[in-house]
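S.K.: Quick one: the structure is below, and I'll ask about it shortly.
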Amino acid sequence: MHRAPLPQNQSPLLPAAFRALPLGAVRPRGWLRDQLRIQANGLTGRLDEIWPDVGLRSGWLGGDGEAWERGPYYCDGLVPLAHLLDDERLKAKAQKWMDWTLNHAQPNGMFGPACNRDWWPRMIMLKALAQHEEATGDARVLPLMTAYFRHQLRTLPARPLQDWGHARAADEILTIHWLYNRSGEAWLLDLAAELFRQSADWANLQGQYALEPLVALLAHGE
């Protein structure tokens, strides 16, 4: 089945050198397909059967179990694996997670387990939701993202990023740009800018780490 490339970057985003294809537009063959099949038949394809944190009691399935990052991380690998292989068993597993997440958004736009308000695990689940939408065209994804991003734009000044969210905000900015290229709503770029403002200054940190060996050498007169 032919699938069109994803939308190009809208202004004021810089043009990309390449246009991405949606999940499932390219199918693995040969060695890569064999490796993905090993993964599907092994840990990724069976993890929910042996690890309670991503089992039926997961908070991301409405249960009373782990409600932080493990369900979203599982989905971030399960969703693309299921659709790349066009594996009905894995797609059914992934759909269960997507359905609960998409059907249990809160009136204020927040989504995910109500017992955990951390921004970080939602950054991961947003990536899984974007891939799910690309593969299935699920019409619930874009409205959920839009409502959540509006909520986050309202809330971030009083409840700023912390911990992993502070370190990994760029994960969410990718998804915000993904949605912006579909909707063109300018306030999404305001949210991306606020996340960037609150996130770790990786450029400065990397510069410091790169200079440390040189500073040590100069200190020893080498």
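S.K.: So how tilted is helix 187-198 from the main axis of the chain? Cα-based, degrees 0 to 90, rounded to 10.
M.R.: For helix 187-198, the angle is close to 50 degrees.
S.K.: Also: Using unit Cβ charges (K, R positive; D, E negative) and no other charged atoms, how large, in debye to the nearest 20, is the dipole of the chain about its Cα centre?
M.R.: Numbers: 23 positive and 25 negative charges, 132 e Å.
Computed charge dipole of the chain: roughly 640 debye.
S.K.: Let me ask something else about it. Mean projection of the alpha-carbon convex hull of segment 108-217 over all orientations, in nm²? Don't skip to the end; give the middle numbers.
M.R.: On the way: hull surface 34.2 nm².
Result: a mean projected hull area of 8.5 nm².
S.K.: May I ask you to derive the relative contact order of the chain, considering only C-alpha pairs under 8 Å and at least 6 residues apart, and to give it as an integer percent?
M.R.: 17
S.K.: Would you mind calculating the relative contact order of segment 1-92 from Cα pairs under 8 angstrom and at least 6 residues apart, reporting the percent as a whole number?
M.R.: On the way: 88 pairs, mean separation 21.3, N = 92.
Reported as a whole number, the value is 23 percent.
S.K.: Among 146-153, 48-55, 124-131, what's the highest-first ranking by average C-beta atoms within 10 angstrom per residue?
M.R.: Numbers: 146-153: 18.6, 48-55: 15.5, 124-131: 23.9.
Descending mean neighbour count gives 124-131, 146-153, 48-55.
S.K.: Ignoring ligands, DNA and RNA, what percent of the 1.4 Å accessible area of the chain is carbon and sulfur?
M.R.: In the chain, the share of accessible area belonging to carbon and sulfur is 59 percent.
S.K.: Name the residue from GLY137, LEU126, LEU153 whose Cα lies farthest towards the positive end of the charge dipole of segment 83-165, charges +1 on Cβ of Lys and Arg and -1 on Cβ of Asp and Glu.
M.R.: So the residue we want is LEU153.
S.K.: Determine the relative contact order of segment 29-135: mean sequence separation of Cα pairs under 8 Å and six or more apart, normalised by residue count, in whole percent.
M.R.: Computed value for segment 29-135: 26 percent relative contact order.
S.K.: Semi-axes of segment 2-61's equivalent ellipsoid from the Cα gyration tensor, sqrt of 5 times each eigenvalue, largest first, rounded to whole Å? Write out the running numbers ahead of the final one.
M.R.: Working: eigenvalues 221, 82, 16 Å².
The answer is 33, 20, 9 Å, longest axis first.
S.K.: So which aspartates and glutamates can LYS93 reach, going by Cα to Cα under 12 Å and dropping same-chain residues fewer than 8 places off?
M.R.: Of all the aspartates and glutamates, those that pass the test against LYS93 - Cα under 12 Å, at least 8 places apart if same chain - are ASP48, GLU49.
S.K.: Could you please state, rounded to a whole Å, how far the C-alpha centre of segment 155-208 is from the C-alpha centre of segment 79-128?
M.R.: Cα centres, segment 155-208 to segment 79-128: 20 Å.
S.K.: Note the listed values (1) 27, 20, 19; (2) 30, 24, 22; (3) 55, 16, 15, then indicate which one is semi-axes √(5λ) of the Cα gyration tensor in Å calculated from this particular structure.
M.R.: Checking each listed value against the structure points to (2).
S.K.: Across the Cα atoms of segment 6-127, what radius of gyration and what greatest pairwise Cα-Cα distance (Dmax) are found, in Å?
M.R.: 16.3, 47
The values are calculated or read from the model by the stated rules, or taken from the named source; none is laboratory data. Since this is a predicted model, take the numbers as computed values, not measurements. Methodologically, a virtual Cβ is constructed for each residue, glycine included, from the backbone with ideal geometry; neighbour enumeration extends over all protein chains shown. Heads up: the accessible areas ignore ligands, DNA and RNA and are worked out on the full protein's heavy atoms, side chains in. Shrake-Rupley method; radii C 1.70, N 1.55, O 1.52, S 1.80 Å.
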